[in-house]
1. What is the magnitude of the charge dipole of the protein assembly as shown about its Cα centre, with +1 placed on the Cβ of each Lys and Arg, -1 on the Cβ of each Asp and Glu, and no other charges, expressed in debye to the nearest 20?
2. What residues have an amide H closer than 5 Å to that of B:Tyr130, excluding those fewer than 5 places away on the same chain, when H is modeled at 1.01 Å from N in the peptide plane?
3. In nm, give the distance between the simple-model label positions of A:Asp83 and B:Tyr3, each being 7 Å from the Cα along the Cα-to-Cβ direction.
4. Ranked highest first by average number of other Cβ atoms within 10 Å, how do B:11-20, A:10-19, B:94-103 line up?
5. Using θ = phi - 60° and the Karplus curve 6.51 cos²θ - 1.76 cosθ + 1.60, what whole-Hz ³J(HN,Hα) does each residue of segment B:42-53 get, with Gly and Pro shown as x?
6. What are the ³J(HN,Hα) couplings of segment B:82-99, residue after residue, when phi is run through the Karplus curve with 6.51, -1.76, 1.60 and θ = phi - 60°? Round to Hz, x for glycine and proline.
7. What helices does chain A hold that run 20 Å or longer along their axis, going by alpha-carbon atoms, with a Kyte-Doolittle average of 1.6 or more, using DSSP H for the helix calls?
8. Using 7 Å Cα-to-Cβ label points, what is the B:Arg115/B:Glu59 separation (nm, one decimal)?
Amino acid sequence: MSLVARVLEAGGVSTVTFTTARDIAASAGNPRQIFLNYPLGSPAGRPHDPENQRQVLRAGLKLLQEADKPGIIVDLPFTWSEDTTWMGKFMTDEQPFLSDEAEQTRQELLDKARAQKKQDAQ
Amino acid sequence: MDYIRYIDKTHEYYRKQGYDKTYNYACNEDIPFTPLKKPLSEARVALVTTASFILLDEEGHPLEEPGFVGTNELEVSTAPSDWPAGRIMSTSGDHDRYQTDMEDIDAFFPITRMRELLAEGAFGSLSKNYYRTLPNYSQRKTTEVDGPEVLRRCIEDNVDVALLTPV
């Protein structure tokens, strides 16, 4: 998604990306990032909490008005839960990232992308 | 602040499973930047997402096939910005399924919240359409094909600002 943000910015559209994966967006060179430390899947606020969702969006609009240089990251102060063990459990044997079927599809698509990359390089 | 380092975690996770090549995350030092060109109260705003979902007809039947991760086909789609959240169904397989769920569309694709903010006057107008593309393992595909198509459609729609929600 950060790569799409970069194409949009280069083409004259201002962007804000609402992320739950701070390091991935930062590494990709995201122009303006609103980081919400929630689980993957809820980048625009807590499910069934419209007020929290509005606060997240408003923070994005504020960043648009205030950003005077690229690469600014705003860390929102909201926490997913008092208990932070969920962060340690993500992508472990106990809580595998994808279902077996989804993992197989992922590997097939990765292989396809690698083959394409090889072809592009030739 | 404590947060998940996904890049390290992904490498570690897949190496442990025996894959020696893990996913290459994009890494860029230069960052393109377009400052906001007009007051927000005059700006036209679009919502863009990589979330996997399908649109439903008025009776709740799917209007399209689910897509998960991008292929080599052009994968950009559009729907009217006034599409109701109740007629969108998530097909995501790559959220943290132990912690959150994708039942509330506005938690990852805040179309209802956007209309509320518009009504409050938080920005000038909402784009005619919102835009979707799928995450793709090919960075070249995203940068050279899908990304430019999203840009083309945004320009056609006179969009000044895009709010992006990755899933």
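Each reported figure results from applying straightforward, stated rules to the coordinates on display, with no laboratory input. Keep in mind that this is a model prediction, so the values were computed, not measured. When we count neighbours, we look across all protein chains shown, and the Cβ atoms used for this are built from the backbone with ideal geometry, even at glycine.
1. 940 debye
2. Long-range HN contacts for B:Tyr130: B:Ala79, B:Ser81.
3. Label at A:Asp83, label at B:Tyr3, 2.4 nm between them.
4. A:10-19, B:94-103, B:11-20
5. For segment B:42-53, the Karplus-derived couplings read 10, 7, 9, 10, 10, 10, 10, 9, 10, 5, 8, 7 Hz, x marking Gly and Pro.
6. Computed from phi, the couplings for segment B:82-99 are 9, 4, x, 4, x, 10, 10, 10, 5, 10, 4, x, 10, 8, 7, 6, 8, 9 Hz.
7. Details: long enough: A:50-66 (24 Å, -0.86); A:100-121 (32 Å, -1.89).
Long hydrophobic helices here: none detected.
8. 2.3 nm
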